[in-house]
1. Between Thr291 and Asn3, what length in nm is gained on full extension when 0.36 nm per residue of separation is reduced by their alpha carbon distance?
2. What is the extension gain from Arg65 to Leu222, computed as 0.36 nm multiplied by their sequence separation minus the C-alpha to C-alpha distance, in nm to one decimal?
3. Could you grab the relative contact order for the chain? Cα pairs under 8 Å, six or more apart, rounded to a whole percent.
4. Once you put a point 7 Å from the Cα of Asp197 and another 7 Å from the Cα of Gln234, both along the Cβ direction, what distance in nm separates them?
5. If Lys and Arg each add +1 and Asp and Glu each add -1, what is the summed charge of the other residues whose beta carbon sits under 13 Å from the beta carbon of Val240?
6. So how exposed is Trp264, as accessible area in Å² (1.4 Å probe, rounded to 10)?
7. Where does the charge balance sit around Ala68 when Lys and Arg score +1, Asp and Glu -1, over other residues with C-beta under 14 Å from its C-beta?
8. Compute the Cα gyration tensor for the chain, then decide on rounded, prolate or oblate, letting a ≥ b ≥ c be the square roots of its eigenvalues: rounded whenever a/c is under 1.5, prolate when a/b is larger than b/c in the other cases, and oblate in all that remain.
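The values are calculated or read from the model by the stated rules, or taken from the named source; none is laboratory data. What you are looking at is a predicted structure, and each value in this text was computed from that prediction instead of being measured. Neighbour counts run over all protein chains shown; Cβ positions are idealised from the backbone, glycine included. Side chains included, ligands, DNA and RNA excluded: accessible areas come from the protein's heavy atoms. Shrake-Rupley method; radii C 1.70, N 1.55, O 1.52, S 1.80 Å.
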Amino acid sequence: MANTWWELKILCDPDLEDSIFWRLEIFGCRGTASESKGNSSLVKAYLPHFQAQLLDLSALSLWLRQDALCIGLASPLLHWNLIDEEDWASSWKQYWQPQEIGDRFLINPAWLPLPESLERLVIRLDPGVAFGTGNHATTQLCLESLEMRLSEVPEAFLAKVDQKEPLIIADIGCGSGILSIGAVLLGVEKAYAVDNDPLAVQSTLSNRALNDIHPESLIPALGSVDILTKLISQPVDGIVCNILADVIIELLPEMKAITKATTWGIFSGILLEQSKAVADALEQNGWVVATLWKRKEWCCLNARRS
């Protein structure tokens, strides 16, 4: 049974998709996708067989029903079955199509040909088992925030251009590397991408190659802020952090070691109901929240050092 996978199928109200994706990520699923089924959505997800027992899946079903109840929507229906190793990786990919995000990005699955018209910045992506396909609201909010942030031309940025100094960011909890790749395509000279999951680091390395990004421009590493302090020679210009609210709050004190007076931050993976707690923690650690962008029940906080 070591080479078998749980295939989870969840029939739900379309407005539940984002919360279901979030719940599945926490549960440990390795790849998610969705398709329309009339007025409903069918979400599919995959999990190694050894990672969950039937009681775990029953608990997941209960959590999904509770999440729907909190939002006031009909309970989703969860069905599961076992599939072979060779089937899982390709099963969900057939539903994932190119997706435009913001004004400038196009996420293009690596197994599909590039579009004939390349008017947008194309991120070729094969997330493998890592989180970050561009489907989730938090990833979209982060890419749109990067687009807004890096299309500005503040005086500090102009000074760096004049002095030929590289613009450097840190991507904490990089997943598939999608945010680091997006930042490099927008003009960041160097992105340090860290994650505690070795599979995410491997996925970022693979996607770096897919997008023909020079190894010196995108540097993946296993770990978190503690590893960044050893990798970087100077404070970073920006931080992107799309993980979970509790983890962001826990890491904020450590981030002081890699920031300076002009550092900006993009923080997401935050439910709207958690936004005040994260904003309060940011302010307590020397940040000022400039904007809060929201999509459905998720939000993204754009901040700067005070």
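1. Value of the extension gain: 99.1 nm.
2. Extending this stretch completely gives an extra 53.0 nm.
3. On the way: 602 pairs, mean separation 41.9, N = 306.
Answer for the chain is 14 percent.
4. 3.4
5. Summing Lys and Arg as +1 and Asp and Glu as -1 gives -4.
6. Near enough 20 Å² of accessible area.
7. Working: positive: Arg23, Arg65, Lys296; negative: Asp13, Asp15, Glu17, Asp18, Asp67, Glu297.
Charge balance near Ala68 sits at -3.
8. prolate
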